[in-house]
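S.K.: The following block contains the structure, expressed as C-alpha cells.
The values are calculated or read from the model by the stated rules, or taken from the named source; none is laboratory data. Keep in mind that what you see is a predicted model, and the values were worked out from it rather than measured. Positions of Cβ are backbone-derived with ideal geometry, glycine not excepted, and every protein chain shown enters the neighbour counts.
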Amino acid sequence: MKEILPYGIATHLTELHNLASRLKNVDEPEIKFYHEGARNEFFYLEAASRILRFSVDKKTFNVYYDRFKKAEDILGTYDYHEALYNGIVGKEGIDTNFITYFKKNLDDHQKLMREFLVAQKWIGPNVSTYTDLITDFSKINYPKVNELRKLLAKYMIKQLTKVQDAFEQKTLDINDIEGGIHEIRRKLRWVSIYAQVCNGWIQLRDVKTTPSSLKKYQTKETIISPFNKLPKAPQNFDSLIIDSTNFYALSWVIAELGKIKDQGMKVEAINEAIQVCDIKNKTQIQLIRDTYNASLSSLAEAPNQAKLVLENFFVKDKIAESIITNLNDSL
C-alpha cells in the first residue's frame, strides 16, 4: 500500500488490522496474534509516536504512544513467561511443582493478554480500532517532509546524547538488571527502530575499510540481521546518512546487552520460583539451573559484562558520538 502517514503508521496499523481480521474465528486468537508478529508492529507504532510527540505535538502523541506501549507491554510480558515455561516443560526429573508454577504464570498472563486485547479492540469480533486510528492520524497537520527530516535527525541526536550522559553520569545503575542494563538497552534500541520506521529517510553508507577498533562489531550475524536492512530511500530525497560500521556497532551492542539482560532476568526468575516452590533439595536446584543454563555466577557477572560493552561503545570506540556526527553532517 502507498503510505499516507509519516513513519509507516498506516502501513503498520493495516498490517495489524489484517492480522486481527484473519483471527476472528480461530481458537486462542491472542496467542496467534502474538506469534504472528503483532508485537513488532506495536514497537514500530511506538517509535513513530515517540518521534512525532517531539516533532509535532507532545500531548497528542503521548496518548497514542501510551496505547501502543500498553499493547506491546502485555505481549512482551507474555513472551517472557512463555520463554520461562518452554525452557522447562517436558524436561525429565524436574519437580512438578516448579513446572506448574511457570505454567500457571503463563496461563494467567494469557488470560490477561486476551482480556486486554479484546477490550481495546485489538482482536475479537470488533477490530475497528485500527481504521479509527488511521482516520484520527489523517486529521493531524504534519510539518512538510523536509522539516520532518530535520526534526528526525535532531530527535535522534537528542536521544543518543541523553543515553550517553546517563551512562557517563551513572544515573542508570548497571548493577540493576531491569532498571539499569535493560533500560539503557531500551534507549539504544529505540534509535535503531527509528531508522527502520522512517520510510527510508535514513540510509547506511558503506565503509570500504573498517577501522580495526570496530571490527569486533561487524559480525556476520549482525550484518545480515533483518533489523539492519533499512527501507529504500524515496526518489529524489536527501536521506540522512549513517556509516554502516557505526550502525552495525549499535546493533551489535543492542544484541549483546539483550543476551546479558535475558540471562540475568532468567536467573532472577528461577531464584524466585525456587523460593516460592520451597525447593530445598540441592540436586534438584542444580538440575533446574543446568536445564536453564542459569548459573548464579552469570547473574553476578552481568554488571561487569554490560559495563565493558558500554564503555567500549560510548567511551573507547565513541560510536554514539560518531552516529551523532553522521546525523549532523546530513543536516
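S.K.: What's the number of the only condition in (1) buried (at least 19 other Cβ atoms within 10 Å of the Cβ); (2) not in a loop (DSSP other than H, G, I, E, B) that Asn328 fails to meet?
M.R.: Single failed check for Asn328: (1).
S.K.: For segment 42-64, what are the residues that are basic (Lys, Arg) and either closer than 18 Å to Val191 by Cα or part of a loop (DSSP other than H, G, I, E, B) (or both)?
M.R.: Arg50, Arg53, listed by residue number.
S.K.: Checking the conditions here, which among Val253, Val267 is assigned by TED's automatic domain parsing to the domain that holds Leu287, under 20 Å from the mean Cα position of the chain (by Cα) and under 30 Å from Leu84 (Cα atoms)?
M.R.: Val253
S.K.: Of the residues Leu287, Leu257, Leu214, only one is within 24 Å of Ser49 (Cβ to Cβ) and crowded, with 16+ Cβ neighbours inside 10 Å; which?
M.R.: Leu257
S.K.: Sticking with this structure for a sec: Out of curiosity, is Trp190 over 27 Å from Asp73 (Cβ atoms), surrounded by 15 or more Cβ atoms within 10 Å (Cβ to Cβ) and in contact (Cβ under 8 Å) with a residue 40 or more places away in the chain?
M.R.: The answer is no for Trp190.
S.K.: Does at least one position in segment 107-123 carry a residue that is in contact (Cβ under 8 Å) with a residue 40 or more places away in the chain, closer than 30 Å to Gln284 by Cβ, in a helix (DSSP H, G or I) and within 21 Å of the chain's Cα centre (by Cα)?
M.R.: Yes, segment 107-123 contains a residue that is in contact (Cβ under 8 Å) with a residue 40 or more places away in the chain, closer than 30 Å to Gln284 by Cβ, in a helix (DSSP H, G or I) and within 21 Å of the chain's Cα centre (by Cα).
S.K.: Show the residue pairs meeting these rules: Cβ distance below 7 Å; 6+ apart or different chains; first residue within segment 251-275 and among the aromatic types (Phe, Trp, Tyr); second residue surrounded by 21 or more Cβ atoms within 10 Å (Cβ to Cβ).
M.R.: Taking only residues 6 or more apart or on different chains, the pairs are Trp252/Tyr217.
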